[in-house]
Amino acid sequence: MYHKSKGYKIFSFFNYIFLILIALTCLLPLLHLLAQSFSSKAAVNGDLVSFWPVDFNTESYAKTFNNSNFTGSMLISVIRTVLGTLISMFVITTAGYALSKDFRGRNALMWIFVFTMLFSGGLIPSYILVSSLGLKNTIWALVLPGAFGAYNMILLMNFFKTIPKALEEAAFIDGASFFGIFWRIYLPLSLPGLATVGLFIMVGHWNSWFDGILYMSDTTQYPLASFLQTIVVQGSAQNMALSPSEAAVMSEQSIKAAQIFISTLPIILVYPFLQRFFVKGIVLGAVKE
Amino acid sequence: MKKTSAIITTALLLAGLLAGCGSKNNGSDAATESTLKDGKYDPPITITISKQQDENAGKYINGESLNNNVMTQWGEENLGIKIETTLLGGDWSQYNTKLRLGLTGTEQLPDVMPVYDTALLNDMIQSGRVKEITEDIKKYMPDRLKEIYKQFPTTFTPVVQDGKVYGMAISPNLTEGEVMLIRQDWLDKLNLKAPTNIDEFEKVIAAFTNDDPDGNGKKDTYGFDFSGKDGYNTGWVSDAVMIFSAYTGKHLPGKWLEEDGKLTYGSVADGNKEALAKLRDWYSKGYLNKELATKAAWDALADFTEGKAGIIIGRPWLYGSIKDVEKNVKGAKVNAYPTINAINGDKTYQSAQLNDGVFMFNKDFNNMEAFFLYYDKLYDVAFGTGDFKYGYAQGYDYDIVNDQVTFDSKKFNNPIDEVQGVGKMLFTKNTPSVDGTGKSFYDLANGSKADNGVLMRSDAADQTTKDGYVISYENRDVLLPDAFNGAPTKTMQTSWAQLQTTEIEMFTKIIYSNEPLEAYDDFVKKWYEKGGTQITDEVNDWYVNASKIDVMANMGLK
């Protein structure tokens, strides 16, 4: 038996070590952040915290949740993620479903969609478009421009294609409409694919910060990621005279750590529930019938 | 195929329709004429601004926000001027991107735009969407502001084109100089005195490294903590410029110096090689922070705050940011000292900043008078007069408790964790100051009574900070503003970034002993060859042009 051979055992030993190391590189920064968030400001500024809090306190969290800008931004991020994911899923599932069928002009349409994967208008045209559509300073500026992702659509399209045609035909004979088939048969059967793509989109919405900064002109309208971006990025160039009292509050690393940690939490919590779909989820048409 | 083209046509038509909907006419402001009655506009007018949001600017208390806070309310109530932010950017580069996008013309630019980048300044002028303000300054700028701007004529050079003025510096003021912060307890323990020249400095950092100043029996401390990531002249904190200046005099790394009407670049001046040799020697002996090349100015503080390093350099307020070391390490005490002297006995020099960006105005902005009214009021805090005698807002940056003015936020009537940086809420981004290098601290130290807001505020600072400002004021003659503050010249646009990178890399490699010391000569040669000669010429041309037309007289600032 191959898996009992010596070579295999040595391989799996090193393989496990290697995988554990990779897992640690992902986990340790998060632990470090967590430890910082529970430590005192002095200890963090002095770089004394590694993976265990020094001078344990929960002040950073109290301050973070008392900051109305933070909680407001969090709410906007949640709304944005839910709304954006729903819109995106609607657009790409319907498009993917239609394109998984054969019809005239399908290739031309497909070509148009794929074109967007290769070329984009760039920053200035997108900005001009969004602002002349009057979307600036509304949540729509965050969810509409990226609603259709050709890559995700193709993933789903391929998933739909793997569903046997016979099922569809049987449903037709029973009198179902195209939309009924889509809703009652295709969507439930593609749950793994939907979950995977849905998570991609969710994480994308949750983490994206540049559009928030670009299209919003009030901090209270920033989604969380944009808010954090402004808080976490430090003055790198020269700073003008700061008063002594202003200088003393610069760079409160423990509060930043708490904010970053809280902001990553929701996505971390969603992961385990969707993880089981992943294995089945991403099939880019590699397996043919 | 017919269907396809039909679909495409419909899509295009729809897109066109949608686009049509969006282009609402923004309408020009000032439909009804506002008049100034008893120092207040009636009906109120709105001034729109753009703002760069930095780390501290997003902090508001009492549920306030960018467009509705104690300062915007004050403006509306007292002056009839509403300040509204219509263009908000994150950090420096994002803010510049947003302003550039604003220039595309899809929407109205804000009325008042702070600009922090000389290249962008130039683009804004070229775009033709910025107001020429020579006359406005002459007509509307209040006298006390004119007095300030008169002192800093060079701040106008980046915004002058063909003798016309397209902007003005934001709260011009010669910033405070740097001081040396030293672990006093270490000096005392090892029976050392604060160093005053390079030899003494070497002795002290050697002792801080080898003689176990923290007494824990381990060789885990070192002498001098500074940043080399973005060059060796940060100009504000974690600097090493004092060591360079000890050998190069007024030639500072990364800066342009004017001598006898000629501009030269500091990093290629004589003396840099000796300075590098010194740093290289110290680095190999372990006197310097090991990761100096990877630490940006603000990150380099950590070692000092942890109690590992003995000396750090920065503006006097830096004490406020590193005083945590006195909490982290038992018995730690930090004192401020002047920077060391050069090898020829002169003082060492530092770079200085004269302004924090430039105000530019929308071409269609017609309320310059209102702007100056508001801007002048903000200066009350700098002069300790009027509405802002003690600070901007009671309960935010100061409070009056039992008839006593206090700046300690923990003792406020409604105690808050930290003083609110009200200056950060304004369009000046920082609090305007006329205190220069620390005159109020100097006066206090010489027996002045703290009888106005400015002095009271200074008096409330930590002792070490106060000492630092006194040192800064006494040594204000060592501050050198960069002689070149214009837009990047033609050759700079193509090769400056490359030259800068090479420079920082080469300096670091020499200090790290990855390259022989002689590599510096090679660097200088290459620097001139790869555009340096041309850039020096262009910069000098710029200098001649910049000083040709006397715009100050045109603005009535003479």
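Per the listing B:461, B:445, the residue uniquely out of contact with any Phe, Trp or Tyr (no Cβ under 6 Å at 6 or more places or on another chain) and away from every other protein chain (no Cβ under 13 Å) is B:445.
Mind counting the residues in region A:85-117 that are at the interface with another protein chain (Cβ under 10 Å from one of its Cβ atoms) and more than 21 Å from residue A:177 (Cα to Cα)? Of the residues in that region, 5 qualify.
No other residue among A:178, A:159, A:172 is among the aromatic types (Phe, Trp, Tyr), more than 14 Å from chain B (Cβ to nearest Cβ), within 18 Å of residue A:102 (Cα to Cα) and surrounded by 17 or more Cβ atoms within 10 Å (Cβ to Cβ) apart from A:159. Could you tell me which of the residues B:207, B:246 is out of contact with any helix residue (DSSP H, G or I) (no Cβ under 7 Å at 6 or more places or on another chain) and not in a loop (DSSP other than H, G, I, E, B)? The match here is B:207. Which members of region B:307-322 meet the condition of being facing another protein chain (nearest Cβ under 8 Å) and either of a type in the set (Phe, Trp, Tyr) or farther than 12 Å from residue B:183 by Cβ (or both)? Passing the criteria: B:315, B:316, B:317, B:318, B:319, B:320, B:321. In region A:118-137 there is at least one residue matching the filter, namely being modelled with pLDDT under 95, over 21 Å from residue A:212 (Cβ atoms), more than 13 Å from chain B (Cβ to nearest Cβ) and in a helix (DSSP H, G or I). All of A:81, A:93 fail the test of being in the same structural domain as residue A:179 (by the TED database), polar (S, T, N, Q) and closer than 17 Å to residue A:207 by Cα, apart from A:81. Checking each residue in region A:73-94 for being of a type in the set (A, V, I, L, M, F, W, C) and surrounded by fewer than 19 Cβ atoms within 10 Å (Cβ to Cβ) picks out A:75, A:78, A:79, A:82, A:83, A:86, A:87, A:90, A:91.
The criterion of at least 3 residues that are within 13 Å of another protein chain (Cβ to nearest Cβ) and in contact (Cβ under 8 Å) with a residue 12 or more places away in the chain is met, among helices (runs of 4 or more DSSP H) falling completely within region A:1-84, by A:41-45, A:59-66. Among the residues that make up region B:436-446, is at least one of them surrounded by fewer than 21 Cβ atoms within 10 Å (Cβ to Cβ), touching a residue at least 60 places away in the same chain (Cβ under 8 Å) and under 21 Å from the mean Cα position of the chain (by Cα)? Taking every residue of region B:436-446 in turn, at least one turns out to be surrounded by fewer than 21 Cβ atoms within 10 Å (Cβ to Cβ), touching a residue at least 60 places away in the same chain (Cβ under 8 Å) and under 21 Å from the mean Cα position of the chain (by Cα).
Within region B:500-558, the residues that satisfy the criterion of being basic (Lys, Arg) and not in a helix (DSSP H, G or I) are B:548, B:558. Screening region B:49-156 for helices (runs of 4 or more DSSP H) wholly inside it with 2 or more residues that are polar (S, T, N, Q) and under 20 Å from the mean Cα position of the chain (by Cα) returns the ranges B:92-102, B:118-127. The lone criterion from (1) over 23 Å from the mean Cα position of the chain (by Cα); (2) part of a loop (DSSP other than H, G, I, E, B); (3) acidic (Asp, Glu) left unmet by residue B:199 is number (2).
Just one of the listed residues (B:244, B:224, B:208) is within 28 Å of residue B:321 (Cβ to Cβ), surrounded by 19 or more Cβ atoms within 10 Å (Cβ to Cβ) and without any contact (Cβ under 8 Å) to a residue 60 or more places away in the chain, namely B:244. Of all the criteria given as (1) under 29 Å from the mean Cα position of the chain (by Cα); (2) of a type outside the set (Val, Ile, Thr); (3) farther than 23 Å from residue A:222 by Cα; (4) modelled with pLDDT under 90, the one not satisfied by residue A:27 is (4). No other residue among A:25, A:71, A:85 is touching a Ser or Thr at 6+ places or on another chain (Cβ under 9 Å) and of a type in the set (Ser, Thr, Tyr) apart from A:71. Note on region B:99-113: residues that are over 13 Å from residue A:132 (Cα atoms) and acidic (Asp, Glu) total 1. Residue count for region B:292-314 satisfying the condition of being under 22 Å from the mean Cα position of the chain (by Cα) and closer than 15 Å to residue B:333 by Cβ: 1. Going by the structure shown, is residue B:302 within 14 Å of chain A (Cβ to nearest Cβ), without any contact (Cβ under 8 Å) to a residue 24 or more places away in the chain and not polar (S, T, N, Q)? Against the criterion (within 14 Å of chain A (Cβ to nearest Cβ), without any contact (Cβ under 8 Å) to a residue 24 or more places away in the chain and not polar (S, T, N, Q)), residue B:302 qualifies. Here region B:417-435 is the region considered, the condition is being assigned to a loop (DSSP other than H, G, I, E, B) and at pLDDT below 85, and the residue that is surrounded by the fewest Cβ atoms within 10 Å (Cβ to Cβ) is B:417. Scanning region B:88-104 for residues that are out of contact with any helix residue (DSSP H, G or I) (no Cβ under 6 Å at 6 or more places or on another chain), of a type outside the set (A, V, I, L, M) and either surrounded by 23 or more Cβ atoms within 10 Å (Cβ to Cβ) or within 26 Å of residue B:369 (Cα to Cα) (or both) returns B:95, B:102.
The values are calculated or read from the model by the stated rules, or taken from the named source; none is laboratory data. Since the model is a prediction, treat every value here as computed from it, not as a measurement. Note: ideal-geometry Cβ built from the backbone for every residue, glycine included; neighbour counts use all protein chains shown.
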